[in-house]
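Have a look at the structure below before the remarks.
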Amino acid sequence: MSKIISVLGSTGSIGTQTLEIVRDNPDLKVAGLAANNNVELIEKQIREFHPKVVAMGNEASYQELKQRVADLPVKVVCGMEGMLEIATLPEVEVLVTAIVGMIGIQPTIAAIKCKKTIALANKETLVTAGHIIMPLAKEMGVSILPVDSEHSAIFQSLHGENRERLSKILLTASGGPFRGKTREQLETMTVEDALKHPNWSMGKKITIDSATLVNKGLEVMEAKWLFDTDLDQIQVVVHPQSIIHSMVEYVDGGIMAQLGTPDMKLPIQYALFYPDRRPMQGKRVDFFELKSITFERPDTDTFRGLKLAYDAARQGGIMPTVYNAANEKAVALFLDRKIRFLEIPELIESCMNQMKNIQNPSVEQIISMEQEVYEYINKIKQ
């Protein structure tokens, strides 16, 4: 029996690795792919994986792709409508949401309503709309399987255990490229410095988020929704070697951890075949070579992105959306060399102080707040 999937964000880091797993497992079939504007790569993916429908994020790339694949029996669609079509194709069993940004919310909701399993690699979906997504998934009897390595590790560490007996989630962080640096040192850090991650190979946005510890802040918010826990039960532990991907402590003091090399293919494959485990090629952890693993407390005074995430999550409502949108805009400005590295958390805090909170926001209010935050930052940074 083959399993049929759609991939939103097929040309990004998670998307391309998902398709590598498809290549290694002939019983996985691809019905739908979506990308923003990487026409060249998605054309190669279409020719190799033969999807039925492909969506492009904008009109220009949609037109170009249509011409390039005119010789193939593939339907090319565009924009949000196109993504919704891919998310809800009748034959699809699993939707891999590997797209970056709040654009992932609506296709995820549509897929849940059509009872598709969600392999979730889009943090923003739960960070901003967890209060909508999780109750809907429960109502529809849909599984949300985490693809993030930390959340996959927590999920694996909870497997077979009584969740009522969970005491604490220990969310590990590598500390990123600037671990141990002072605020003074961070003043002079460049885009190139921030993109040199010591352990993981990821897209630019998530690599910068790792450098600011905002990524960990987003993961804290995501974990709260995924595992239905209080914020006080989620503790961030800096673990520079990235071998322990996260841990769960139970009420008796026992701790379960999931270990492995820093490779995203394991959590992707685990989500695609859950509850089965498939053989996978790749490097294994050699404990004799590793010799030791270490742990540190996160420095939230220097890396204020993490502290601000806890503040946003405690306020709840639309504040996590403000946090996320402000960070997205600030990271884009930093990558364009328009602001300094330390201005990223400053902009997040400024937006959180400026915007009025809304409890239980609708999807429309979430998307509208994202725009409001972008406009506010454009105004103060002109």
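Derivation of every value follows stated rules applied to the coordinates shown; laboratory data play no part. These numbers come from a predicted model, not from an experiment. Don't worry about glycine lacking a Cβ; one is built from the backbone with ideal geometry, like all the others, and counts go over all protein chains shown.
Quick check on packing: order 131-137, 262-268, 324-330 by the mean number of other C-beta atoms within 10 Å, highest mean leading.
Working: 131-137: 17.3, 262-268: 20.9, 324-330: 26.1.
The peptides rank, most packed first, as 324-330, 262-268, 131-137.
Put simply, when 49-60, 155-166 are sorted by average Cβ atoms within 10 angstrom per residue, most first, you get 49-60, 155-166. Toward the positive end of the charge dipole of the range 3-146, with +1 on the Cβ of Lys and Arg and -1 on the Cβ of Asp and Glu, the farthest Cα among Val30, Val100, Ile133 is that of Ile133. Available extension along the chain between Lys291 and Arg337 is 12.6 nm, counting 0.36 nm per residue and deducting the alpha carbon span.
Could you work out [θ]222 nm for the chain from helices alone, using -39500 (n - 2.57) per DSSP H run of at least four and dividing by all its residues? Round to the nearest 500 deg cm²/dmol.
Numbers: 17 runs with 181 residues, N = 382.
Taken over the chain, the calculation gives -14000 deg cm²/dmol.
Considering only the other residues whose Cβ falls under 11 Å of the Cβ of Leu333, what net charge follows from Lys and Arg at +1 and Asp and Glu at -1? Once positives and negatives cancel, what remains is +2. Taking every alpha-carbon pair under 8 Å whose residues sit at least 6 apart, the range 284-345 reaches a relative contact order of 23 percent. Dipole magnitude for the chain: computed about the Cα centre from +1 point charges on Lys and Arg Cβ and -1 point charges on Asp and Glu Cβ, it is near 340 debye.
From the C-alpha coordinates alone, can you work out the Kirkwood hydrodynamic radius of the range 3-146, in Å?
Details: mean 1/r = 0.0674 Å⁻¹.
Over the range 3-146, the inverse of the mean reciprocal pair distance is 14.8 Å.
Within the range 288-367, the chymotrypsin sites (Phe, Trp or Tyr not before Pro) that combine a DSSP coil assignment with at most 16 other C-beta atoms in a 10 angstrom radius are Phe295. For the range 3-146, averaging the sequence separation of C-alpha pairs within contact (under 8 Å, six or more residues apart) and dividing by the residue count gives a relative contact order of 23 percent. Quick one: if the Förster radius is 51 Å, what FRET efficiency do Asn353 and Arg284 give, using the C-beta to C-beta distance and rounding to 0.05? The value I calculate is 0.60.
Add +1 for every Lys or Arg and -1 for every Asp or Glu among the other residues with Cβ under 15 Å from the Cβ of Met369, and state the total. Provide the component values of the computation, followed by the final result.
Numbers: positive: Lys329, Lys356; negative: Glu124, Glu328, Glu364, Glu370, Glu372, Glu375.
Its environment carries a net charge of -4.
Rounded to 0.05, the FRET efficiency of the Lys307 and Asp71 pair, given R0 = 41 Å and the Cβ-Cβ distance, is 0.15. Available extension along the chain between Glu184 and Lys44 is 45.8 nm, counting 0.36 nm per residue and deducting the alpha carbon span. The Cβ shell under 9 Å around Val69 holds other residues with a net charge of +1, Lys and Arg each +1, Asp and Glu each -1.
Positive end of the dipole of the range 3-146 (Cβ unit charges, origin at the Cα centre): among Leu120, Val54, Leu8, the Cα lying farthest that way belongs to Leu120.
For Glu59 and Asp252, what is the calculated FRET efficiency with R₀ set at 51 Å and r taken between the beta-carbons, to the nearest 0.05?
Details: r = 58 Å, r/R0 = 1.13.
That pair, Glu59 with Asp252, gives E of 0.30.
Volume of the convex hull of the range 121-265 (Cα atoms only), normalised per residue: 122 Å³.
Using unit Cβ charges (K, R positive; D, E negative) and no other charged atoms, how large, in debye to the nearest 20, is the dipole of the range 9-101 about its Cα centre? Write out the running numbers ahead of the final one.
Working: 8 positive and 13 negative charges, 24 e Å.
The dipole magnitude comes to about 120 debye.
Compute the length gained on full extension between Glu192 and Val237: take 0.36 nm times their separation in residues and subtract their Cα-Cα distance, giving the result in nm to one decimal. So the extension gain works out to 13.6 nm.
Quick one: putting +1 on the C-beta of Lys and Arg, -1 on the C-beta of Asp and Glu, what dipole do you get for the range 213-341 around its Cα centre, in Debye to the nearest 20? Intermediate values should be presented prior to the final figure.
Working: 16 positive and 17 negative charges, 117 e Å.
Roughly 560 debye, rounded to the nearest 20.
Restricting to Cα pairs below 8 Å that are 6+ residues apart, what does the relative contact order work out to for the chain? Please round to a whole percent.
On the way: 682 pairs, mean separation 55.6, N = 382.
Relative contact order comes out at 15 percent.
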